[in-house]
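The values are calculated or read from the model by the stated rules, or taken from the named source; none is laboratory data. What you see is a predicted model, and the numbers here were worked out from it, not measured in a lab. Cβ placement follows ideal geometry from the backbone for every residue including glycine, while neighbour counts extend to all protein chains displayed.
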């Protein structure tokens, strides 16, 4: 059956793909994003001196060799007890004894090695590259979860380590050193907890070395399956013997010490107590100093001082003893700068990037005993603190001498200095397209070795790109005029280059957050301009994550003309670009992202703090992803049974849904797995709600009962009985002590969740209770019913306060304002009403839509209401101003759900068009696409004359407009279809010249003299634009005509009907020349004919294009959708003409491409990206250089593709700076008053 097949296996009835291609394996493993220098093999620490630490190392080796030993070994101790040295020696001995080792050396001095989310992927990468069995299982996981490196540590462990298989040719030991040095204590605690919870199904033994921090020790001390050793509790005699041997060996090799040295050894051993770091620091201080004897005598003269902090004080005092105050200040500045770095840098990078002093290496070498300093000045090895206790000493205000202290003020000063140096370095070193990429080069195709070589030639450039804004944020108190000047220069000339370099570094998903760090500290013009960069980033999120060089092309082209960014040199670079947008750049689009979904979206909810979104579709799937990130990250998907109700917990950890199969399921959003299936109801589930603390779930069923379940155990706590008909809605109170239920028995009931007893039965409604809501303080309940009323009840007494009447249809949605003083309701009558809860009176009536779905939400601050106002539009209503604030359009099918982010900055809408749109509502710089009259409708037929002098489009409703575009010399004709007419306008006079009646579709002849129109009576008409009279009526089509087009010379018209009939007409005689019946295509959306009528091309809705010879009926070519072209909205006439190269719309409506015809073989190349807000395309038209799109939103976008873009580095330099209004001059002048 599988003869000849390979690269797969069958296990347990399942097919498993085997990945054998090295490039395929490499590409998938690279998705782990491992830290390259985290292994013990990188030599971050030295090994124990031979003959020392023998007992502890022997115990570790015995633990590793014993299969029955605890899976986790925890070595802990105070700073300086030698944990890292032991861990290093342990790794070396394991390797020597034939064990396989995967290690991660954490360090607070290195950003990558302090990121807890990098730990598990790095460990897994090490194992996968050495173990084939483990590698195959890892590759399967990565294929399903390509963004796993971004997941929580808990999820990473469960997917990558739990229940994974290892070949066990060599026993694997995982070594994690310095776990306490990771920067996220909560995530570290999560890692420990997940390891312990899954300890028996881990594929390897795990050794952890760390300090005894509470977030680490909490679980490790309590579990019996962990071996634990406290280094600081080891017998002092044993430790001091090891320290004695260490000192004896090293002091004996130091020239310049006067023998006998035994006294020195005994003294330092006593001073060290149990701290190896004291002994090693003393040895470095004595042995690497200019006078070992003087250094030794200095230490012995300070007998009253003990401990490592005392040693650090002595060393610093000795270093500074021969310097004056100015020199001391300079030395301390250098020392503080090294300690404040977010990632350690090499000596060469320090000299080039931060410290403007020629003798930097000499200044740093003075601290040889407390800093790791490479012997070779040109080495790539970093300069960093020898031990974590030294930076802690500098920040200790009780132990560190005042003039060396790194307290709040010096910290701000240093960070401000580092920010300034970073910006200066960026302004000097950034260049455009340093790798020589092509415009359509994709990030996935980047050669990482080439990237690394580039940055290695510019030491410190990667650091400046990553951390300039961090230093600005940390040094905000000390920002001066010089900083402002450099930042304005950066924005003026180098902002786009910086974005490109961030993409090359793989940190494109952090760009927006990095830049937003500085916004709170800016003022005036600089703030206004810089605040638009996040808008620029969010609008261009797709190109930033796919085509790096498009930031110099499409991103500039689509930047609004009125944007303040256009006052900068790097953005004015757009003026030399080939493509220009002649229409459609009125402002920033409010639509930030368009997320494709598997089906019609019916449910959307924010999880937790609002960075994660969960949504359900009618394909019975739940999915969630991260937002506010430049890269959309699909994190989980759950296939559901047919279900009726769904909700998310307040903290976003759980999604609960009830199904027709009588069960309730609890989905863990962190793991992407079902935690519990709750069984007990005897009929379908209609409603679910999660308690505020996420500990319980209440479900309501058609079986007339409610059930309260424990989310941790999945066990039922109470069955609530009393209703006499099915439960329609349930809701927990804000404090979780009560549940309200609404039923088809026309009543509501309030239940005590701790006793399971009924508190009140609320009677008054005369039909089904459909919706309920608690007031924020829990003292009131609001209910909506099929009796068209909204009622307000007091929870204390169960009595109705108000019966709110006014709706003429059932009340479908209810939402309470945060202050509880107002409530908003939506009804099937299409109206939305805002009520005053104190008076029971209507405050506002808003025209909504008759949808039955959840299309109503209130902003967190109560200032605005968002609702579905039309089938395809979302309205944001300002409640204080009592007027519409925004009309959000772009969906191409009915809107099914809306939700507001927790911070109110974004509105999310879900639609039957199988997309979710993320709208920015936090800025007044965005454009509202439909500020034109709401009856304008959307264009659905559009045409351009051959000479580009006429653009015509047909809208779905009546509208009259006239606009001219001087830069293109366009005349615009606009017409409406509600009365079946096309109106022709003279843009010079603004008057109607002709009215063409009974029109359904339209095409303009290439010479602009005639129009062919399609009518619902299965006829076509050719009109003369000069006279307005009909030249020919074209009859005999079999069925309504769906598509029509002129040939390029205007001599012929081709048309296609719904029945699949294609006819070619002679425009001079009005007669049929050819008839062709299509059998293999779906409904025709586009059609074209060659000038001589011999070739016809038809594009169908399934993306297929068929080209055939009309004389013979022979099919010349069938182009499938695999060509990634949207033929429905692309110029088919170019396929049948003589054009060797022409433009077309990409399959996903997100790009314009060029198509090159080489002997009937088509080569496709990316040219221009289209932002999300212009992708709701309903019609399109093309000439050689002009492209026009008509959008569902009502927008018509016109693009002049005059010449290809220039992405060379010299292009920007060719712009004449004096003729421009540059950002730098504006900013510097406006801020002088602040600093003078």
Problem set entry | From 397, 435, residue being assigned to a loop (DSSP other than H, G, I, E, B), touching a residue at least 12 places away in the same chain (Cβ under 8 Å) and over 20 Å from residue 344 (Cα atoms) | 435
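Does residue 124 satisfy being buried (at least 23 other Cβ atoms within 10 Å of the Cβ) and within 25 Å of the chain's Cα centre (by Cα)?
It is true that residue 124 is buried (at least 23 other Cβ atoms within 10 Å of the Cβ) and within 25 Å of the chain's Cα centre (by Cα).
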Seminar exercise, completed: Residue count, the stretch 135-169, condition assigned to a loop (DSSP other than H, G, I, E, B) and touching a strand residue (DSSP E or B) at 6+ places or on another chain (Cβ under 9 Å), comes to 7
Exercise. Inside the stretch 1114-1123, can you point out the residues that are modelled with pLDDT under 70 and under 15 Å from residue 1078 (Cβ atoms)?
Worked result: 1119
Seminar exercise, completed: Of the candidates 166, 201, 206, the one satisfying the condition of being touching a helix residue (DSSP H, G or I) at 6+ places or on another chain (Cβ under 7 Å) and either closer than 12 Å to residue 72 by Cα or surrounded by fewer than 17 Cβ atoms within 10 Å (Cβ to Cβ) (or both) is 206
Exercise. If you go through the stretch 696-716, how many residues are under 15 Å from residue 647 (Cβ atoms) and surrounded by fewer than 15 Cβ atoms within 10 Å (Cβ to Cβ)?
Worked result: 0
Exercise. Quick one: which of 380, 324 is surrounded by fewer than 16 Cβ atoms within 10 Å (Cβ to Cβ), touching a residue at least 12 places away in the same chain (Cβ under 8 Å) and not assigned by TED's automatic domain parsing to the domain that holds residue 468?
Worked result: 380
Exercise. For residues in the stretch 170-183 being assigned to a loop (DSSP other than H, G, I, E, B) and modelled with pLDDT of 90 or more, which is farthest from residue 105 (Cα to Cα)?
Worked result: 182
For this session: Please specify each residue of the stretch 448-480 satisfying the condition of being under 23 Å from residue 336 (Cα atoms) and either over 23 Å from the mean Cα position of the chain (by Cα) or at pLDDT below 90 (or both).
Result: 459, 460, 461, 471, 472, 474, 475, 476, 477, 478, 479, 480
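Here is a check on your reading of the model: is residue 862 assigned to a loop (DSSP other than H, G, I, E, B), closer than 21 Å to residue 790 by Cα, at pLDDT 75 or above and under 31 Å from the mean Cα position of the chain (by Cα)?
Yes: the conditions hold for residue 862.
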Exercise. Residues of the stretch 543-556 being surrounded by 21 or more Cβ atoms within 10 Å (Cβ to Cβ) and in contact with a helix residue (DSSP H, G or I) (Cβ under 8 Å, 6 or more places away or on another chain), which ones?
Worked result: 543, 544, 547, 548, 549, 550, 551, 552, 554, 555, 556
For this session: Starting from the stretch 1146-1174, keep only residues that are without any contact (Cβ under 8 Å) to a residue 12 or more places away in the chain, then list their pairs with residues that are in a strand (DSSP E or B) whose Cβ atoms are within a distance under 8 Å, requiring at least 6 positions of separation or different chains.
Result: 1163/1155; 1163/1156
Exercise. If we scan the stretch 482-504, do we find a residue that is in contact with a helix residue (DSSP H, G or I) (Cβ under 7 Å, 6 or more places away or on another chain) and surrounded by fewer than 16 Cβ atoms within 10 Å (Cβ to Cβ)?
Worked result: yes
For this session: Please enumerate the residues belonging to the stretch 88-108 that are outside any loop (DSSP other than H, G, I, E, B) and in contact with a helix residue (DSSP H, G or I) (Cβ under 7 Å, 6 or more places away or on another chain).
Result: 88, 89, 90, 91, 93, 94, 101, 102, 103, 104, 105
Exercise. Has the stretch 477-495 got at least one residue that is farther than 24 Å from residue 527 by Cβ, outside the structural domain of residue 26 (by TED's automatic domain parsing) and in a helix (DSSP H, G or I)?
Worked result: no
Exercise. Does residue 103 count as buried (at least 21 other Cβ atoms within 10 Å of the Cβ), at pLDDT 90 or above and touching a strand residue (DSSP E or B) at 6+ places or on another chain (Cβ under 9 Å)?
Worked result: yes
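This table checks each residue for (1) touching a residue at least 40 places away in the same chain (Cβ under 8 Å); (2) assigned to a loop (DSSP other than H, G, I, E, B).
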| residue | (1), (2) |
| --- | --- |
| 709 | yes, no |
| 713 | no, yes |
| 717 | no, no |
| 723 | no, yes |
| 734 | yes, yes |
| 751 | yes, no |
| 754 | no, yes |
Problem set entry | Breaking point among (1) surrounded by fewer than 17 Cβ atoms within 10 Å (Cβ to Cβ); (2) within 30 Å of residue 27 (Cα to Cα); (3) at pLDDT below 85, for residue 225 | (2)
Problem set entry | So residue 80, is it closer than 29 Å to residue 307 by Cβ and surrounded by 18 or more Cβ atoms within 10 Å (Cβ to Cβ) | yes
